[in-house]
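All remarks here apply to the structure that follows.
Read-outs: derived from the displayed coordinates by stated rules, not from any lab. From a predicted model like this one, the values you see are computed outputs, not experimental measurements. Here Cβ is always computed from backbone atoms with ideal geometry, including for glycine, and neighbour counts include all displayed protein chains.
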Amino acid sequence: MTTVEQGLSPTREQLLALYERMLLIRRMEERLRADVAAGDLPSAVHLYIGQEAIATGVCARLYEADWITSTHRGHGHYLAKGGDPRAMMAEIWGKRTGICKGMGGSMHVADFSKGILGANGIVGGGFAIATGAAFASRLHKDGRVAVAFFGDGASNQGVFMESLNVSSLWKLPLVLVCEHNQFAEFTPSKDCTSGEISDRARAFNIPVSVIDGNDVTAVWKAAGDAIEHARRGAGPAYIEAKTYRIQGHLEAEDLFLAGGRYREKSEIEEWRARCPIDRLRARLLSDGARAQDLDAMNTDILAQVEDAVQFARESELADPELAFDLMFVGQKA
């Protein structure tokens with residue numbers, strides 16, 4: 001997605017672009033959910049359903065050369081930053097045509113050419129990578145900004161404090177985006193996180209924005225301010241976007257829970273009613289957009305998703321011999 005100009009609010013054209021990208025993320029994730037239920041995928045997936053406004057709103061304010069680091073729930077970040085749906089789907093299916101040649105899978109989609117330094121199966125694994133990218137940008141004076149997406153559970157990793165400290169001390173062009181979706185795997189945030197996460201950034205004199213993460217306009221505005229702050233050399237900025245994980249920690253999580261539960265269905269439905277895509281659609285319609293045009297957009301996106309699935313299905317399986325080159329250089333027998 002191309003960057004947008006600074007301004008108080010996104011234009012109607014920009015809102016339509018945001019809606020289209022959010023819808024692409026949602027439809028891709030829904031298809032993955034269906035394929036898991038059908039037993040077609042070779043591995044588990046952690047879906048981004050309900051959080052689409054955050055990745056979309058932030059990445060819309062970035063240049064293609066800017067960096068992002070992601071999480072184990074990283075499909076939305078990848079697509080929001082302009083990643084290829086075909087290559088992502090093939091990667092999740094474990095195929096040679098995947099963005100990482102089928103060797104990374106769902107939790108490691110990456111594309112350096114788009115500034116996507118990668119999703120990460122390690123909780124909090126993106127903090128140090130993004131901080132390092134921001135440090136490299138400062139050394140090279142290339143004007144790039146690095147964004148680290150992370151969940152509220154990752155805020156309890158020690159590297160979070162280390163990244164806050166060094167980025168503030170050295171005034172690195174880093175934006176930290178906390179996707180506060182209320183849970184750390186199967187544990188409610190209130191049961192494992194003390195105090196307000198945003199206060200940890202304030203302790204290092206980092207400017208903070210706490211926003212409704214299901215309002216893409218709020219995300220767009222906060223991201224624009226934070227990115228501009230970092231890009232002009234004023235140091236890091238922190239955004240905390242309040243949202244909710246509609247799906248489970250991962251698909252088929254019932255196998256882990258063995259009949260147990262960590263949240264009520266009524267809570268899920270309450271948040272489902274705050275769907276960021278439905279909210280933006282309602283706004284677009286109230287501003288004069290035509291329902292048939294938005295429906296046509298959805299039809300086009302469904303075709304893109306089907307094309308990505310067929311591409312993945314028809315591609316060759318990943319070559320296991322690549323492990324010798326990718327993980328153990330020069331060790332091939």
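Of note:
- Sparse-neighbourhood loop sites, trypsin sites (Lys or Arg not before Pro) in segment 137-196 - DSSP loop, at most 10 other Cβ within 10 angstrom: K141
- Highest-fluctuation residue, D300, D111, D152 considered, GNM on the chain with Cα pairs under 10 Å: D300
- Debye log10 I(q)/I(0) for the chain, one point scatterer per Cα, at q = 0.08, 0.12, 0.13 Å⁻¹: -0.36, -0.83, -0.98
- The phi torsions of segment 99-107, fed into the Karplus equation with coefficients 6.51, -1.76 and 1.60 and a -60° offset, translate into couplings of 4, 10, 6, x, 9, x, x, 4, 8 Hz, rounded to whole numbers, with Gly and Pro shown as x.
- Calculated FRET efficiency for the pair M327/A34, C-beta based, R₀ 41 Å, to 0.05: 0.80
- Options W170, T193, H180, ranked by Cα towards positive dipole end of segment 134-211, top entry (Cβ charges): W170
- Segment 250-332 shape via C-alpha gyration tensor axes, a/c threshold 1.5: oblate
- Prolate/oblate/rounded call for segment 60-156, Cα gyration tensor, a/c under 1.5 rounded: oblate
- Separation of the E253 and A65 label points, Cα + 7 Å toward Cβ, nm: 4.0
- Max mean-square fluctuation residue, GNM over the chain, Cα-Cα springs under 10 Å, options A136, A128, A282: A282
- Contact order normalised by residue count of the chain, Cα under 8 Å, 6+ apart, percent: 23
- Subtracting the Cα-Cα distance of A303 and R263 from 0.36 nm times their residue separation leaves 11.0 nm of extension gain.
- Within segment 66-97, backbone nitrogen closer than 13 Å to the virtual label 7 Å beyond the Cα of D319 toward Cβ: 96-97
- Virtual spin-label span in nm between L8 and A296, 7 Å along Cα→Cβ: 3.2
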